């Protein structure tokens, strides 16, 4: 389990919240499935055109995450399961989502914790962010800045940005 204790306010409400990333387990599978199929994510997490894909992505994420314990993380905020960060089972892009109740500055901290502590790697990584999700783009770029990483590319694509983080010299211990 990798934890990131509260680090004081940066002008958001996340400063006094406890954030923990832990490996996904089989006990998380049903929760991941239900969260992935939640229709409230349409228009927010993914577009209406991508919604049918969730019928495939959500089950694949739910049942592959426990097998990928070193790359798939459950996000806990204040001791409650609040989200996921890890690879998308179809594209292998890194993705994350956080429950509405847990938002408010958590995104930046969870990405920085994931990349800097949970999933340090010598492999390149790629995030895809929809053009309609400026909040997620700001969180990702803020996390990269917080880590002091400047060697990344932001590429405009048809439906959104690809943020490509090149390989680092830090190798995961596992």
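Return the calculated 222 nm mean residue ellipticity for the chain, to the nearest 500 deg cm²/dmol, obtained by summing -39500 (n - 2.57) across DSSP H runs with n ≥ 4 and dividing by the residue count.
Result for the chain: -7000 deg cm²/dmol, rounded to the nearest 500.
If I model a spin label as a point 7 Å beyond the Cα along the Cα-Cβ vector, how far apart are those points for residue 47 and residue 88 in nm?
Placing both labels 7 Å along Cα→Cβ, they lie 1.2 nm apart.
What percent does the relative contact order of the chain come to when contacts are Cα pairs within less than 8 Å and at least six residues apart?
19 percent
Which FRET efficiency value, to the nearest 0.05, is calculated for residue 158 and residue 22 with the Förster distance at 41 angstrom and r the Cβ-Cβ distance?
Calculated transfer efficiency: 0.75.
Determine the gain in length on full extension of the stretch residue 138-residue 67; use 0.36 nm per residue of separation and subtract their C-alpha separation, reporting nm with one decimal.
Working: separation 71, 0.36 × 71 = 25.56 nm, distance 3.03 nm.
So the chain would gain 22.5 nm between residue 138 and residue 67.
To the nearest µm²/s, what D does Stokes-Einstein give for the chain at 10 °C and 1.306 mPa s, using the Kirkwood radius over alpha carbon pairs as Rh?
The estimated diffusion coefficient comes to 98 µm²/s.
Who wins for biggest fluctuation among 112, 27, 58 in a Gaussian network model of the chain, springs between alpha carbons below 10 Å?
Of the options given, 27 has the highest mean-square fluctuation.
Every read-out reported here was derived from the displayed coordinates using simple, explicitly stated rules and does not represent laboratory data. Please read all numbers here as calculations on a predicted model, not as lab measurements. All Cβ positions, even for glycine, are placed from backbone atoms using ideal geometry, and neighbour counts span all protein chains on display.
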